[in-house]
Amino acid sequence: MLEIKGLKVDLEEEEKSILKGVDLRIEPGTVHAIMGPNGSGKSTLSYVLSGKDGYKVTGGSALLEGADLLEMEPEERAAAGLFLAFQYPVEIPGVGNMTFLRTAVNAQRKARGEDELSAGEFLKVVREKAKALKIDADMLKRPVNVGFSGGEKKRNEILQMAMLEPKMCILDETDSGLDVDAMKLVAEGVNALRSEGRSFLVITHYQRLLDHIQPDVVHIMADGKIIKSGGPDLALEVENNGYGALLAEVA
Ligand code: ADP
Ligand code: MG
Ligand code: MG
């Protein structure tokens with residue numbers, strides 16, 4: 001699904017190397033987690049994959065189902081099936097959530113060469129998905145994220161993900177101070193959307209999130225590289241011993 005090889009990334013504005021050769025291979029239908037100390041480059045990896053400005057790729061490659069992600073515009077990446085959940089969801093006053101979702105879904109269908117959904121068709125799909133995710137229909141009528149609680153924003157993010165039906169979902173939940181309830185929401189959302197053809201990359205600072213998600217593979221990132229990969233036990237090891245022991249072991 002996603003194959004990253006030797007990815008090196010600098011900041012565009014100043015000469016600073018952030019990613020120093022990241023290798024990562026994610027098979028279809030699997031959930032991978034990346035953990036790591038603050039400042040190790042986890043968010044940068046997700047930004048670069050989604051096409052955010054401000055970074056310069058100086059080496060390596062990133063393929064989504066064999067297609068060169070790094071050559072695509074951000075909207076092309078989305079159309080190709082990449083989804084990045086924002087750590088800090090934007091509020092859009094004056095734009096109803098339903099309108100926003102329908103616009104996003106239809107823009108993506110158009111980019112994929114599919115017919116747009118009519119208002120009626122869209123309504124049916126969004127109601128079904130909202131119900132499956134236990135999202136109150138009321139939330140669909142309100143302006144996007146305006147006045148939403150932390151938990152509601154998380155639910156909304158998961159609903160966006162469900163509506164766009166991505167193949168490769170990247171969730172960067174780092175440092176955002178998710179409380180336990182919000183963490184559970186994210187985990188339930190991910191678990192509800194897990195499927196054979198869909199993969200997840202969950203970036204987190206905390207092992208707790210992984211109690212609820214059960215990743216197939218856990219990677220530890222430090223100083224711009226993945227320094228160790230393993231099964232779910234690796235997350236527990238970090239929880240028990242901290243990053244220090246791992247870093248020393250690798251050094
Ligand atoms: P993580 O998500 O693992 O905490 P980040 O990817 O946010 O790490 O950051 C990695 C490093 O890159 C940090 O040292 C951070 O300060 C630096 N960095 C990332 N983006 C910028 C930026 N736009 N300007 C300056 N420094 C940045
Ligand atoms: Mg950070
Ligand atoms: Mg981060």
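Of the residues making up region 73-82, at least one is more than 16 Å from ligand 3 (Cβ to nearest atom) and either closer than 26 Å to Tyr243 by Cβ or in a strand (DSSP E or B) (or both). Take the conditions (1) of a type in the set (Ser, Thr, Tyr); (2) within 16 Å of ligand 3 (Cβ to nearest atom); (3) exposed (fewer than 14 other Cβ atoms within 10 Å of the Cβ); Thr44 misses just one of them, which is (3). Listed conditions (1) surrounded by fewer than 18 Cβ atoms within 10 Å (Cβ to Cβ); (2) more than 17 Å from the chain's Cα centre (by Cα) are all met by Arg25, apart from (2). So for region 222-232 (the condition being under 27 Å from Asp10 (Cβ atoms) and β-branched (Val, Ile, Thr)), does at least one residue qualify? Looking through region 222-232, at least one residue is under 27 Å from Asp10 (Cβ atoms) and β-branched (Val, Ile, Thr).
May I ask you to say which residue of Lys52, Lys56 is over 13 Å from the mean Cα position of the chain (by Cα) and assigned to a strand (DSSP E or B)?
On the way: Lys52 fails: assigned to a strand (DSSP E or B).
Only one candidate passes the filter, namely Lys56.
Listed by first and then second residue, the pairs with beta-carbon distance under 8 Å, at least 6 apart or on different chains, first residue in region 36-48 and touching a residue at least 12 places away in the same chain (Cβ under 8 Å) and at negative phi, second within 8 Å of ligand 3 (Cβ to nearest atom) and not β-branched (Val, Ile, Thr), are Asn38/Asp175; Asn38/His205; Lys42/Asp172; Ser43/Gln87; Ser43/Asp172; Ser46/Asp172.
Just checking, how many residues over region 212-234 are surrounded by 15 or more Cβ atoms within 10 Å (Cβ to Cβ), over 18 Å from the mean Cα position of the chain (by Cα) and more than 16 Å from ligand 1 (Cβ to nearest atom)? It would help to see each step written out before you state the result.
If we filter region 212-234 for residues that are surrounded by 15 or more Cβ atoms within 10 Å (Cβ to Cβ), which is where we start, we get 212-213, 215-229, 232, 234.
Next cut, over 18 Å from the mean Cα position of the chain (by Cα) only: 222-225, 227-229, 232, 234.
In the following step, the residues that additionally are more than 16 Å from ligand 1 (Cβ to nearest atom) were identified as 229, 232, 234.
Qualifying residue count for the region: 3.
Assess whether Ile170 counts as being closer than 26 Å to Ala80 by Cα, touching a Lys or Arg at 6+ places or on another chain (Cβ under 8 Å), touching a residue at least 40 places away in the same chain (Cβ under 8 Å) and within 16 Å of ligand 3 (Cβ to nearest atom). Spelling it out, it is not the case that Ile170 is closer than 26 Å to Ala80 by Cα, touching a Lys or Arg at 6+ places or on another chain (Cβ under 8 Å), touching a residue at least 40 places away in the same chain (Cβ under 8 Å) and within 16 Å of ligand 3 (Cβ to nearest atom).
When every residue of region 128-147 is checked against the conditions, at least one turns out to be under 20 Å from the mean Cα position of the chain (by Cα), farther than 21 Å from Glu75 by Cα, surrounded by 14 or more Cβ atoms within 10 Å (Cβ to Cβ) and of a type in the set (Lys, Arg). Condition test on Ala235, is it over 23 Å from Lys134 (Cβ atoms), touching a residue at least 24 places away in the same chain (Cβ under 8 Å) and in a helix (DSSP H, G or I)? The answer is yes for Ala235. Filtered by the rule that a residue be of a type outside the set (A, V, I, L, M), under 17 Å from Arg155 (Cβ atoms), within 15 Å of ligand 2 (Cβ to nearest atom) and buried (at least 18 other Cβ atoms within 10 Å of the Cβ), region 173-211 gives a lone residue, Glu173.
Each residue in region 179-206 was checked for being modelled with pLDDT under 85 and within 16 Å of ligand 1 (Cβ to nearest atom), and 2 of them qualify.
Only helices (runs of 4 or more DSSP H) whose full extent lies in region 146-227 are considered here, and the ones with at least 1 residues that are charged (D, E, K, R) and farther than 20 Å from Glu91 by Cβ are 180-193, 208-213. With respect to the conditions (1) within 23 Å of Pro166 (Cα to Cα); (2) within 16 Å of ligand 2 (Cβ to nearest atom); (3) in contact (Cβ under 8 Å) with a residue 40 or more places away in the chain, Ile26 lacks only one, and its number is (2). Hey, any hits in region 5-25 for a residue that's more than 14 Å from ligand 1 (Cβ to nearest atom) and either modelled with pLDDT under 95 or of a type in the set (Val, Ile, Thr) (or both)? Within region 5-25 (the criterion being more than 14 Å from ligand 1 (Cβ to nearest atom) and either modelled with pLDDT under 95 or of a type in the set (Val, Ile, Thr) (or both)), the answer is no, since none of the residues qualifies.
The set of residues in region 162-178 being of a type in the set (D, E, K, R) and more than 16 Å from ligand 1 (Cβ to nearest atom) consists of Glu165, Lys167.
The values are calculated or read from the model by the stated rules, or taken from the named source; none is laboratory data. For clarity, every value in this text was computed on a predicted model and none was experimentally measured. Positions of Cβ are backbone-derived with ideal geometry, glycine not excepted, and every protein chain shown enters the neighbour counts.
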